[in-house]
1. Can you tell me which condition residue 97 does not meet? The list is (1) closer than 28 Å to residue 134 by Cα; (2) among the aromatic types (Phe, Trp, Tyr); (3) touching a residue at least 40 places away in the same chain (Cβ under 8 Å), and all the others hold.
2. Considering only residues that are among the hydroxyl-bearing types (Ser, Thr, Tyr) and in contact with a Lys or Arg (Cβ under 7 Å, 6 or more places away or on another chain), which ones fall in region 152-201?
3. Any residue in region 105-115 that is charged (D, E, K, R) and surrounded by 18 or more Cβ atoms within 10 Å (Cβ to Cβ)?
4. State whether one or more residues within region 160-179 are crowded, with 18+ Cβ neighbours inside 10 Å and at negative phi.
5. In region 67-75, is there at least one residue being touching an Asp or Glu at 6+ places or on another chain (Cβ under 7 Å), at pLDDT 95 or above and surrounded by 16 or more Cβ atoms within 10 Å (Cβ to Cβ)?
6. Of the residues that make up region 121-129, is at least one β-branched (Val, Ile, Thr) and loosely packed, with under 14 Cβ neighbours inside 10 Å?
Amino acid sequence: MLAVAVVVFGVNAGHLYFQIRSLIYFMETQRLLLRKFDTDDWSDLYEYLSDKEVVKYEPYGILTEEACKQEAVRRSSDDAFWAVCLKDIGKLIGNVYLSRLDFDTWELGYVFNAKFQGKGYATEAAKTLTDNAFKERNARRVIAMCNPLNAPSWKLLERLGLRREGHLIKNIYFKKDDKDNPIWADTYEYGILASEWKNIR
């Protein structure tokens with residue numbers, strides 16, 4: 001993980017001074033830049049969070065432009081979310097998520113623009129963030145959850161080397177039908193230990 005300091009220069013009583021206002025953290029891969037969200041990212045967010053196929057298995061429905069503006073502001077101050085951008089043109093194509101839980105366990109998540117799926121970007125970004133969890137955050141274990149119907153998602157996790165540890169039957173719902181009844185869904189549980197990650201990298 002790299003950090004760039006945002007420095008402000010000025011003159012006070014004839015003396016030049018500088019002040020470090022903030023640190024901008026980012027991670028790089030061969031093709032991608034993972035960075036913190038900015039409030040101006042809302043339009044790229046809207047491009048994929050307004051796609052019903054992209055959010056089909058997410059705990060929310062499609063988002064409006066206004067909702068994406070609010071979400072960009074929220075994510076800009078949420079250290080769990082990372083914007084995934086194409087390094088050559090700066091286009092934001094999705095996001096990855098890493099949140100700390102109990103017992104030195106971190107949960108991984110990801111959502112990507114449909115136009116950029118199937119190109120290995122999500123795997124590349126998720127691998128980088130998982131590696132960061134173990135090497136920089138002293139994670140003991142990384143886990144992930146996904147709907148069994150979302151085959152691209154669980155296949156990604158298996159490519160990374162995560163182990164399917166459980167299949168929960170109709171354990172959760174995020175949406176309701178037209179009669180206001182819960183639409184229950186199954187969950188695959190995946191996990192990997194730091195020692196296992198080290199052995200396969």
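1. All conditions pass for residue 97, except number (3).
2. 188, 190, listed by residue number.
3. No - not one qualifying residue is present in region 105-115.
4. Yes; the residues of region 160-179 include at least one that is crowded, with 18+ Cβ neighbours inside 10 Å and at negative phi.
5. yes
6. No: zero hits.
Here is a yes/no grid of residues against (1) free of Cβ contacts under 8 Å to residues at least 60 places away in the same chain; (2) touching a strand residue (DSSP E or B) at 6+ places or on another chain (Cβ under 6 Å):
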position	(1), (2)
26	yes, yes
31	no, no
34	no, yes
43	yes, no
46	yes, no
52	yes, no
62	yes, no
65	yes, no
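For every residue, the table says whether it meets (1) acidic (Asp, Glu); (2) more than 27 Å from residue 193 (Cα to Cα); (3) touching a Phe, Trp or Tyr at 6+ places or on another chain (Cβ under 8 Å).
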| residue | (1), (2), (3) |
| --- | --- |
| 60 | no, yes, yes |
| 77 | no, yes, no |
| 88 | yes, yes, no |
| 104 | yes, no, no |
| 114 | no, yes, yes |
| 123 | no, no, no |
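The values are calculated or read from the model by the stated rules, or taken from the named source; none is laboratory data. Just so it is clear, the structure is predicted and the values come from calculations on it, not from any experiment. A quick note on method: Cβ atoms are made from the backbone with ideal geometry, for glycine too, and the neighbour counts reach across all protein chains shown.
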